[in-house]
Ligand SMILES: Cc1ncc(COP(=O)(O)O)c(C=O)c1O
């Protein structure tokens, strides 16, 4: 019997637990009849982070928050500073807003703070740093992010913390002290709820007001809002256990790659980025065993890498491990 596809190409999380599915079964009809309001979830998030509700906006995934940041700060004739590589949608939203990209390389090296500071000019409306970054898993220090924000008080610095739950440190507190920093976060990764499309942005009340003004009034569904609220209330412990599990898998994957002679960079996300002599052949070999991983455009700076999401459970992790070892035993996958 062929095994089901192991889909570890999109950094998604675990399956929802029974209790959350139970909440889905008890959705009130009235909730479906009415336009949804994000207020209740915003209030819950505000109290979770000891913020005022005016500092929180719930969006249709972090995607929607990033898009709104672009629409609020950019226009033709302005620029956005981004790292390269970064989460693919960031440059896309920048271009959709009509602005120009100023890219600073951040691959196989420490956070390029000096170059980022250098790239900031009066016509730069926003800078974007995902930390941990996707697809590398690299992180920026809070001190460097603060410095970047302070360099240009008229620019908005968006710090995308989509994967922060998996990282060693969370710079959110310090960053929220600054008036020109906005944080984006999501229920799609550590909470395992990408299908709900719930993300949020945190920042100064004035910034949150702009983000509200440039988006749809009802960006996400009432069912999604209810489930995300229920997850926050009752599932923090399950989420914490899952995060621990992913961190263990990540370090085991590093060890395995080292044993197999495969180069992999340090990642603080729920994934690792590894380098292969023929990454596409490796991805095909994995796919032939029912395992889908993320490959990158050829030619391109990441064409020799694959991003592999930690499966987050024992069976799937063993399957991934055995498959990698099996392919390696046949030779030709290392650099
Ligand atoms: C760095 C980063 N930010 C944001 C997102 C988008 O998340 P969401 O599902 O909340 O839109 C992703 C999704 O892959 C991501 O990798």
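Readers should treat all values here as calculations from the given coordinates under stated rules, not as data from a laboratory. Everything quoted here is computed from the prediction, not taken from an experiment. Cβ: placed from backbone, ideal geometry, glycine included. Neighbour counts: every protein chain shown.
Between residue 303 and residue 88, the FRET efficiency estimated from the beta carbon spacing at R0 = 22 angstrom works out to 0.90. Reported to the nearest whole Å, the Cα centre-to-centre distance from the stretch 1-47 to the stretch 187-257 is 10.
Going from the residue with the fewest nearby Cβ atoms within 10 Å to the one with the most, 90, 183 rank 183, 90. Over all pairs of different C-alpha atoms in the chain, the reciprocal of the mean inverse distance, the Kirkwood hydrodynamic radius, equals 20.8 Å. Shown for 323, 59: other C-beta atoms within 10 Å of each C-beta, ranked fewest to most, produce the order 323, 59. Note: relative contact order over the chain, using C-alpha pairs below 8 Å and six or more positions apart, is 22 percent. Full extension of the segment from residue 206 to residue 28, taken as 0.36 nm per residue of separation minus the current Cα-Cα distance, would add 60.6 nm.
Stretching the chain fully between residue 3 and residue 50 yields a gain of 12.4 nm (0.36 nm per residue, less the alpha carbon separation).
Relative to its Kirkwood radius, the Cα radius of gyration of the stretch 36-190 gives an Rg/Rh of 0.94.
Modelled this way, with points 7 Å down the Cα-to-C-beta line, the labels at residue 101 and residue 258 are 3.4 nm from one another.
Here the alpha carbons of the stretch 15-71 define both size measures, Rg and Dmax, at 14.3, 39 Å. Computed across the stretch 241-317, the Kirkwood radius stands at 12.9 Å (inverse of mean 1/r, all Cα pairs). The value obtained for the stretch 4-45, namely the Cα convex hull volume divided by the number of residues, is 159 Å³ per residue. Each listed q (0.24, 0.25 Å⁻¹) maps to a log10 I(q)/I(0) for the stretch 68-142, found by the Debye formula over equal Cα scatterers with no solvent: -1.09, -1.16. When the chain is treated as a GNM, springs tying every alpha-carbon pair under 10 Å, which of 262, 69, 308 comes out with the largest mean-square fluctuation? Among 262, 69, 308, the largest mean-square fluctuation in the Gaussian network model of the chain belongs to 262.
For the stretch 113-200, the alpha-carbon coordinates run over 39, 24, 23 Å along the three principal axes, in decreasing order.
Shown here is the pair-distance distribution of the stretch 1-108: with all Cα-Cα distances grouped in 5 Å bins from zero up to the longest one, the shares run 2, 9, 11, 12, 15, 16, 14, 10, 7, 3, 1, 0 percent. Stretched out straight at 0.36 nm per residue, the stretch from residue 40 to residue 281 would grow longer than its current Cα-Cα span by 81.9 nm.
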